[in-house]
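> One structure, as structure tokens, below. Some questions next.
The values are calculated or read from the model by the stated rules, or taken from the named source; none is laboratory data. Fair warning: this is a prediction, and the values are worked out from it, not measured in the lab. Neighbour counts are summed over all protein chains in view; Cβ atoms, including those assigned to glycine, are modelled from backbone coordinates with ideal geometry. Areas reflect the complete protein model, heavy atoms only, side chains present, ligands, DNA and RNA absent. Shrake-Rupley method; radii C 1.70, N 1.55, O 1.52, S 1.80 Å.
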Amino acid sequence: MWGGRFAAGPAAVMREINASIPFDKRMWKQDVAGSRAHVAMLGAQGIVAADDVRAIDAGLERVAAGYAVDGVPDDLAMEDIHMLTEARLADAIGPAAGRLHTARSRNDQVATDFRLWTRDATDQVLAALLALDDSLLARAEEHAASVMPGFTHLQSAQPVTLGHHLMAYHEMVARDVSRFRDNRARANLCPLGAAALAGTGFPIDREATAAALGFDGPTRNSLDSVSDRDFALDYLMAAAQCALHLSRLAEEFVLWASQPFGFVSLSDQWSTGSSIMPQKRNPDAAELVRGHAGRITGCLVSLMVTMKGLPLAYSKDMQDDKPPVFEAHDLLALSIAAMTGMVESATFRTDRMRALAESGFATATDLADWLVREANVPFREAHHITGRAVARAEALGVALDALPIVELTAIDPRIDARVYDVLSVDASVASRRSFGGTAPDNVRAAIRAAREARA
């Protein structure tokens with residue numbers, strides 16, 4: 001390729017460091033699609049003769065069929081998927097293959113291929129996230145009224161329902177879906193035709209190639225077209241945020257599957273054993289999802305650091321843009337699939353959840369609220385009274401709703417027997433009817449709204 005300018009070939013190390021074929025070969029479908037759209041436009045514009053266009057297009061189909069059957073070899077002499085495809089095309093049809101690169105550079109070619117690949121990856125992630133969301137909604141509906149302790153600081157705080165807890169993760173997934181959709185829309189412009197950096201003197205039709213490849217239109221500045229990797233960074237930022245959400249859910253499963261919690265039993269499909277301790281049942285899938293979040297975040301940081309100091313337009317540093325995106329995508333796809341499987345197959349021990357909800361004085365706030373509503377006590381005073389009631393219940397070794405009325409009235413005479421209507425965990429969750437609250441009817445309404453938004 002460099003024969004016209006260079007008298008000698010590259011050093012062996014230079015050949016190795018310069019080649020990207022070991023990783024960019026996974027864009028072969030996008031590379032062939034971009035080339036077919038480009039040569040069709042060249043023919044329509046009269047830049048390449050019709051016979052050559054037909055030969056090139058048929059040859060590209062043959063090259064793609066070969067890749068599909070045999071894979072793409074790591075041919076370092078060809079450097080990248082673009083040069084390999086052109087060489088294979090030349091082997092298939094002869095000198096006419098050399099016309100394919102008219103009015104095109106590898107700079108706009110790789111920018112186009114990478115956008116196409118990232119767009120396809122985004123569509124895969126969106127489909128997987130919607131499947132995860134379906135699982136969350138189904139399990140939330142099943143447990144809309146199943147009482148569990150809600151936590152702050154990992155301390156029992158107020159009773160909630162398992163359905164409400166799972167719907168919190170639905171909200172996170174919905175935001176992830178929104179981010180990926182926004183990124184896809186913003187990135188859906190085609191760089192093809194920007195050439196090396198300045199555009200081209202050939203009378204090309206960039207609107208035609210953009211439409212052929214499913215883009216909304218061409219990019220608007222040739223310099224930015226070949227040097228922009230915001231679409232890749234946007235994908236990684238959405239992936240990192242999504243991975244953080246998955247990691248939080250994974251951590252819940254790790255905690256809940258432990259004997260001290262005992263809230264969930266993971267299926268055999270998502271658990272492993274120990275090489276030495278036969279009793280062990282380890283939540284390894286959840287732990288790996290948790291670990292993947294760190295690696296995906298690292299991929300984001302890697303590309304940000306690569307791009308932070310690059311002048312316009314293209315620099316060879318940008319060859320390193322693809323490995324972090326490819327790695328993050330693979331890890332994210334695995335993480336989503338694993339969490340979907342865990343959510344679908346988990347056995348929730350609602351009896352254990354209820355028992356712990358009832359044992360941690362989780363309805364203390366309900367007592368304080370009752371004093372405000374029914375006895376006209378300022379909240380700060382009600383908070384103090386309730387604290388004394390909790391201390392007394394703790395001393396007697398009973399739950400708040402089992403504390404005798406004589407004990408409560410001894411703490412404050414304004415308390416009467418009606419207070420027991422709010423001190424059970426069921427009464428507590430049923431009373432939380434404010435918008436977004438944990439009342440079972442609220443949870444069911446939120447599930448209906450989520451499904452209607454998806455319809």
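> When the expected Rg is taken as 2.2 N^0.38 Å, what fraction or multiple of it is the alpha-carbon Rg of the stretch 302-353? Numbers along the way, then the final one.
Details: Rg = 19.8 Å, N = 52, 2.2 N^0.38 = 9.9 Å.
After normalising by residue count via 2.2 N^0.38 Å, the value is 2.00.
> List, in order, the whole-Hz ³J(HN,Hα) value for each residue of the stretch 81-88 obtained from phi through the Karplus relation with A = 6.51, B = -1.76, C = 1.60 and θ = phi - 60°; use x for Gly and Pro.
5, 5, 6, 5, 5, 5, 5, 4
> Same structure, new question: For the stretch 183-243, how big is Rg over Rh, using alpha carbon atoms and the Kirkwood form of Rh?
In the stretch 183-243, Rg relative to Rh is 1.06.
> Rg(Cα) of the stretch 323-385 divided by 2.2 N^0.38 Å? Display every interim value, and only then the final one.
Details: Rg = 22.6 Å, N = 63, 2.2 N^0.38 = 10.6 Å.
Working it through for the stretch 323-385, the quotient is 2.13.
> So what's the projected area for the stretch 243-334, the Cα convex hull averaged over all directions, in nm²?
7.9
> Going by average Cβ density within 10 Å per residue, which order do the peptides 390-399, 246-255, 186-195 take, highest to lowest? All intermediate terms of the calculation are to be shown ahead of the outcome.
Details: 390-399: 13.6, 246-255: 20.7, 186-195: 23.1.
With the highest mean Cβ count within 10 Å placed first, the list reads 186-195, 246-255, 390-399.
> A follow-up question, please. Can you tally the lysine pairs in the chain where the Cα-Cα distance is under 19 Å and the two residues are eight or more apart, or on different chains?
For the chain, qualifying lysine pairs total 5.
> I would also like to ask the following. Rounded, prolate or oblate, given the Cα gyration tensor of the stretch 132-236, with a/c below 1.5 counting as rounded?
The shape class here is prolate.
> Regarding the stretch 93-166, what whole-number volume in Å³ per residue does the convex hull of its Cα atoms give?
145
> In the chain, with Lys and Arg counted as +1 and Asp and Glu as -1 at Cβ, which of these residues, A337, G71, A362, has the Cα nearest the positive end of the dipole, that is, farthest along it?
A362
> Can you bin every Cα-Cα distance in the stretch 68-209 into 10 Å intervals starting at zero and give me the percent of pairs per bin, rounded to whole numbers?
Answer for the stretch 68-209: a P(r) of 10, 23, 22, 16, 12, 11, 6, 1 percent.
> 7 Å from Cα along Cα→Cβ at both R444 and A417: what's the point-to-point distance in nm?
Result for the modelled spin labels: 3.2 nm.
> Specify the angular offset, from 0 to 90 degrees and rounded to the nearest 10, of the alpha carbon long axis of helix 50-70 from the longest principal axis of the alpha carbons in the chain.
50
> Taking the 0 to 90 degree range and rounding to the nearest ten, how far is the long axis of helix 440-454 tilted relative to the main principal axis of the chain, both from C-alpha atoms?
10
> Test of understanding: what is the full-extension gain from D330 to A131, defined as 0.36 nm times their sequence separation minus their Cα-Cα distance? Provide the component values of the computation, followed by the final result.
Details: separation 199, 0.36 × 199 = 71.64 nm, distance 1.70 nm.
Extending this stretch completely gives an extra 69.9 nm.
> I've got another one for you. Rounded if a/c is under 1.5, else prolate if a/b beats b/c, else oblate: with a ≥ b ≥ c from the C-alpha gyration tensor eigenvalues square-rooted, which is the stretch 42-88?
It comes out oblate by the Cα gyration axes.
> Okay, next question. Need the C-alpha centroid separation for the stretch 101-141 versus the stretch 184-215, integer Å.
Centre-to-centre (Cα) distance: 19 Å.
> Let me ask you something else. Out of every Cα-Cα pair in the stretch 1-131, what percent are more than 27 Å apart?
Percent of Cα pairs beyond 27 Å in the stretch 1-131: 25.
> When the Karplus curve 6.51 cos²θ - 1.76 cosθ + 1.60 is applied with θ = phi - 60°, which whole-Hz ³J(HN,Hα) does each residue of the stretch 319-334 get, with x for Gly and Pro?
3J(HN,Hα) across the stretch 319-334, in whole Hz: 4, 7, 6, 7, x, x, 5, 4, 5, 4, 4, 4, 5, 5, 4, 4.
> Roughly how many percent of the accessible protein surface of the chain is carbon and sulfur, given a 1.4 Å probe and a whole-percent answer?
Here it works out to 54 percent.
> Give a residue-ordered list of calculated ³J(HN,Hα) values for the stretch 352-363 (Karplus: 6.51 cos²θ - 1.76 cosθ + 1.60, θ = phi - 60°; whole Hz; x for Gly, Pro).
Values per residue, Gly and Pro as x: 5, 4, 4, 4, 6, 5, 7, 9, x, 6, 6, 9 Hz.
> With n ≥ 4 as the cut-off for DSSP H runs, can you work out [θ] at 222 nm for the chain, using -39500 (n - 2.57) per run divided by the number of residues, rounded to the nearest 500?
-20500 deg cm²/dmol, from helical runs alone.
> Cα axis of helix 284-307 to longest principal axis of the chain: angle in degrees, 0 to 90, nearest 10?
It works out to around 50 degrees.
> Could you state the accessible area per residue of the chain in Å², with a 1.4 Å probe and every protein chain left in place?
On a per-residue basis, 47 Å².
> Using the Cα gyration tensor of the chain, with a ≥ b ≥ c the square roots of its eigenvalues, what is the shape: rounded (a/c below 1.5), prolate (a/b larger than b/c) or oblate (neither)? Could the numbers behind the result be given before it?
Working: a/c = 3.33, a/b = 2.74, b/c = 1.21.
Prolate, since a/c reaches 1.5 and a/b exceeds b/c.
> Taking H as built 1.01 Å from N, whose amide H comes closer than 5 Å to the amide H of V160, not counting residues under 5 places away?
Long-range HN contacts for V160: M148, G150.
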